[in-house]
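Heads up: the structure comes next, in structure tokens.
The values are calculated or read from the model by the stated rules, or taken from the named source; none is laboratory data. Predicted, not measured: the structure shown is a model, and the values here were computed from it. Positions of Cβ are generated from backbone atoms using ideal geometry, with glycine treated the same way; all protein chains shown enter the neighbour counts. SASA here: full protein model, heavy atoms, side chains in, ligands and nucleic acids out. Shrake-Rupley method; radii C 1.70, N 1.55, O 1.52, S 1.80 Å.
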Amino acid sequence: MSARLRDPRFVLSCLGIGLAAGLLSGLFGVGGGTVIVPMLVLLLGFDQRLASGTSLAAIVPTAAVGVVSYAVHGSVAWIPAIILAAFAVVGAQIGTWLLARLPQNIVRWGFVIFLIVVIVMLFVVIPPRDTPWVLTWGAALGLAAVGLVTGVLSGLLGVGGGVVVVPALIILFGMSDLVAKGTSLLMMIPTAISGTIGNLRRRNADLVAAVLIGVAACTTTTLGAWLSTILDPLVSNILFAAFLTFIAVQMAVRAVRSRRSR
């Protein structure tokens, strides 16, 4: 970004974006990229690629604070998070390879359909928070598959993380919503660090903006995580379903606009 943009408006915009992203990150166990990327594009004129790289860098401290907040309540499954992260890194490489080979609109509509199914299932499957979760060999293989799919979607669409992992852990593995969110945030950290290193090498991240957003997000992530613990699981699922609906609409709008611009 040019020096002329380093003004009070730039700083305040970054701080505002960070506050909103941090709250969503703590509340839903997501990275906050679904807020950061479009806001950087709309408010500060970032191009999509720079916005995505900056968002990924800002997610690192945000997710770290979120993990601590959930860990305090014992709501982080450490080994599953490591399995998810390891396969997500592999999946991201596959996703970026597929990016140049698959029609983006087909992938976008597929993801919208996936989100619609998830939204419906969130009202069908509501695991209680007091049920212990046991890691089996079958569950480990399932987690590896979820991590791989998450990474592929991340590479293809610039989404993933909590948007895929949280509902998958709740619906497919019977984790409570709190453990799913804490585990999702932990899984994001190594993935985001790896991606950020690559983006910095390609000069594809604005570190000043990332620091401002990340610092601001850290102040509200804990608040979001605390709100998540006091919400009824059904209410929490309803709010998460509303958030996923917002993302699905965003994705559908992009697909329609892309088709019209041809």
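Structure values in brief
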{"item": "Convex hull projection area averaged over all views, the stretch 9-66, Cα basis, nm²", "result": "3.4"}
{"item": "The stretch 109-160, Rg to Rh (Cα coordinates; Rh as Kirkwood inverse mean 1/r)", "result": "1.04"}
{"item": "Structure-derived mean projected area of the Cα convex hull in nm² - corresponding label in (1) 13.3; (2) 24.3; (3) 11.9", "result": "(1)"}
{"item": "Difference of contour (0.36 nm per residue) and Cα-Cα distance, L15 to R101", "result": "27.2 nm"}
{"item": "Surface accessible to a 1.4 Å probe, per residue, for the residues of the stretch 93-136, Å²", "result": "67"}
{"item": "Under Karplus coefficients 6.51, -1.76 and 1.60, residue-wise ³J(HN,Hα) of the stretch 198-214 in Hz, glycine/proline x", "result": "x, 5, 5, 5, 8, 6, 10, 8, 9, 5, 4, 4, 4, 5, 4, 5, x"}
{"item": "Whole-Å semi-axes of the ellipsoid equivalent to the stretch 155-262 (Cα gyration tensor, √5λ, descending)", "result": "26, 22, 14"}
{"item": "Theoretical FRET efficiency, 1/(1+(r/R0)^6), r = Cβ-Cβ of V120 and D47, R0 51 Å, to 0.05", "result": "0.90"}
{"item": "Mean separation of Cα contacts under 8 Å, 6 or more apart, over the residue count of the chain: relative contact order %", "result": "39"}
{"item": "Segments 224-230, 147-153, 163-169 sorted - mean Cβ within 10 Å per residue, highest first", "result": "163-169, 147-153, 224-230"}
{"item": "Relative packing of 59-65, 206-212, 22-28, which averages over residues the other C-beta atoms within 10 Å, highest first", "result": "22-28, 59-65, 206-212"}
{"item": "Calculated from backbone phi, Karplus (6.51, -1.76, 1.60) coupling profile of the stretch 162-179 in Hz, x at Gly/Pro", "result": "x, 4, 9, 5, 4, x, 5, 5, 6, 7, 8, 10, x, 6, 5, 4, 5, 5"}
{"item": "Label-to-label distance, nm, for residues given as V215 and L200 (7 Å Cα→Cβ offset)", "result": "1.7"}
{"item": "Relative contact order (%) - the stretch 11-156, alpha-carbon pairs under 8 angstrom, separation at least six", "result": "29"}
{"item": "Calculated [θ] (222 nm, deg cm²/dmol) that DSSP helices of n ≥ 4 give over the chain, each run adding -39,500 (n - 2.57)", "result": "-27000 deg cm²/dmol"}
{"item": "Max mean-square fluctuation residue, GNM over the chain, Cα-Cα springs under 10 Å, options A20, A58, A242", "result": "A242"}
{"item": "Computed E for Q250/R129 - FRET, C-beta separation, R0 41 angstrom, nearest 0.05", "result": "0.85"}
{"item": "Karplus 3J(HN,Hα) series, Hz, for the stretch 138-153 with 6.51 cos²θ - 1.76 cosθ + 1.60 (x for Gly, Pro)", "result": "x, 5, 4, 5, x, 5, 4, 5, 4, x, 5, 4, 4, x, 4, 5"}
{"item": "Cα radius of gyration and Dmax for the stretch 98-195 (Å)", "result": "14.2, 45"}
{"item": "Length-normalised contact order of the stretch 1-87 in % [C-alpha pairs under 8 Å, at least 6 apart]", "result": "22"}
{"item": "Alpha-carbon centroids, the stretch 1-56 and the stretch 117-172: separation in whole Å", "result": "26"}
{"item": "Cβ-derived FRET efficiency at R0 45 Å, S258 paired with A71, nearest 0.05", "result": "0.65"}
{"item": "Surface share of carbon and sulfur [accessible, 1.4 angstrom probe, percent] for the chain", "result": "71"}
{"item": "Amide hydrogen neighbours beyond the local backbone of W133, cut-off 5 Å, H modeled", "result": "none"}
{"item": "Helix 33-44 vs. the chain, principal-axis angle (Cα, 0 to 90°, nearest 10)", "result": "20"}
{"item": "Burial order of peptide ranges 114-121, 127-134 (average beta-carbon count within 10 Å, highest first)", "result": "114-121, 127-134"}
{"item": "Rounded D (µm²/s) - the stretch 1-157, Kirkwood Rh over Cα pairs, Stokes-Einstein at 20 °C, 1.002 mPa s", "result": "120"}
